[in-house]
Amino acid sequence: MEHFRGKKLVIAGGGDSALDWVINLHPVAKHITLVHRRDEFRAAPDSVLKMRSLVAEGVMDLKIASLAAVNGHDGKISEVTLQEEGKPPHPLACDALLAFYGLTMKLGPVAHFGINLHENHIPVNTADFETSVPTIFAIGDINSYPGKMKLILSGFHEAALMAKKAFATVHPDRRYRFQYTTSSSEIHTKLGVPDAAE
């Protein structure tokens with residue numbers, strides 16, 4: 001945080017990371033401008049209220065705009081160009097830009113696997129998370145199905161069901177044995193967990 005003391009900052013984004021940095025840096029920065037493309041935020045409601053309170057107090061600015069350009073010399077930023085709806089692009093001087101846009105999913109070579117795609121996501125069968133191509137599976141944020149929730153917990157569920165089907169694909173001659181890590185002595189041995197009876 002000390003790196004940003006006394007500096008004019010532009011923070012871009014509308015999620016938890018962007019608002020956390022706004023809230024934590026406002027006491028040390030000279031000035032903060034939060035830039036987001038719409039006046040709706042994906043951050044925790046309490047963080048949004050804190051940010052809006054700082055704006056109302058005049059401690060920081062909120063610009064509903066897109067970043068059109070980043071400008072500077074010799075590898076050092078001097079300003080960003082903002083594009084607000086219905087207005088010509090205009091510069092905003094700053095000493096640093098912190099952008100929190102999240103990750104963009106790019107399918108890369110997977111897009112050429114012959115898998116059915118829908119809006120850059122991969123539809124799956126929720127019984128085993130197999131795609132439209134047998135033996136190719138998709139779990140996590142890249143897949144789609146009715147009721148999909150992008151949570152780590154959901155990813156674990158998807159991985160468990162996918163692994164069961166993948167096991168049957170890789171070992172068609174073997175029976176799948178479900179075991180609990182809490183009670184299986186075989187798993188305890190593999191993990192090096194001491195026997196509870198000792």
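All of the numbers you see were taken from the coordinates with simple rules; none came from a lab. As the structure is a computational prediction, the values presented were derived from the model and not from experiment. Positions of Cβ are backbone-derived with ideal geometry, glycine not excepted, and every protein chain shown enters the neighbour counts.
Of note:
- The string of couplings for segment 176-181 from the Karplus curve (6.51, -1.76, 1.60, θ = phi - 60°) is 7, 10, 7, 9, 8, 5 Hz, one whole number per residue in order, with x for Gly and Pro.
- Built amide H within the under 5 Å cut-off of V35, gap 5+: I11, A12, G13, K63
- Low-density loop cleavage sites - trypsin sites (Lys or Arg not before Pro) in segment 71-176, where at most 15 other Cβ are within 10 Å (DSSP): K106, K148, K150, R174, R175
- Put a plus charge on the Cβ of each Lys and Arg, a minus charge on the Cβ of each Asp and Glu, and nothing anywhere else: the dipole of segment 73-198 about its Cα centre is then about 480 debye.
- Qualifying lysines (Cα of each under 21 Å from Cα of K148; at least 8 residues distant if same chain): K106, K164, K165
- Per-residue HN-Hα couplings for segment 163-171 [Karplus 6.51, -1.76, 1.60; θ = phi - 60°; Hz; x = Gly/Pro]: 4, 4, 5, 5, 4, 5, 6, 6, 10
- For segment 91-198: Kirkwood Rh in Å [reciprocal of mean 1/r, alpha carbons]: 17.3 Å
- Phi angles of segment 47-52 translate, via the Karplus equation with coefficients 6.51, -1.76, 1.60 and θ = phi - 60°, into HN-Hα couplings of 5, 5, 4, 4, 4, 5 Hz per residue; Gly and Pro are given as x.
- Note on the chain: Cα convex hull, mean projected area over all directions, 19.0 nm².
- Straight-distance crosslink candidates among lysines, where the alpha carbon sits under 16 Å from K8 and sequence neighbours closer than 8 are dropped: K30, K63, K76
- Dipole of segment 1-149, positive direction: furthest Cα of P134, V80, H36, with charges on the beta-carbon: V80
- Taking every alpha-carbon pair under 8 Å whose residues sit at least 6 apart, the chain reaches a relative contact order of 14 percent.
- Placing unit charges on each Cβ (+1 for Lys and Arg, -1 for Asp and Glu) gives the chain a dipole about its Cα centre, and among H188, P146, Y176 the Cα reaching farthest toward its positive end belongs to P146.
- Nonlocal amide H pairs with V70, under 5 Å, H built at 1.01 Å: T81
- Scanning residues 5 or more positions from E130 or on other chains, those with amide H under 5 Å from its amide H are N125, with H placed 1.01 Å from N in the peptide plane.
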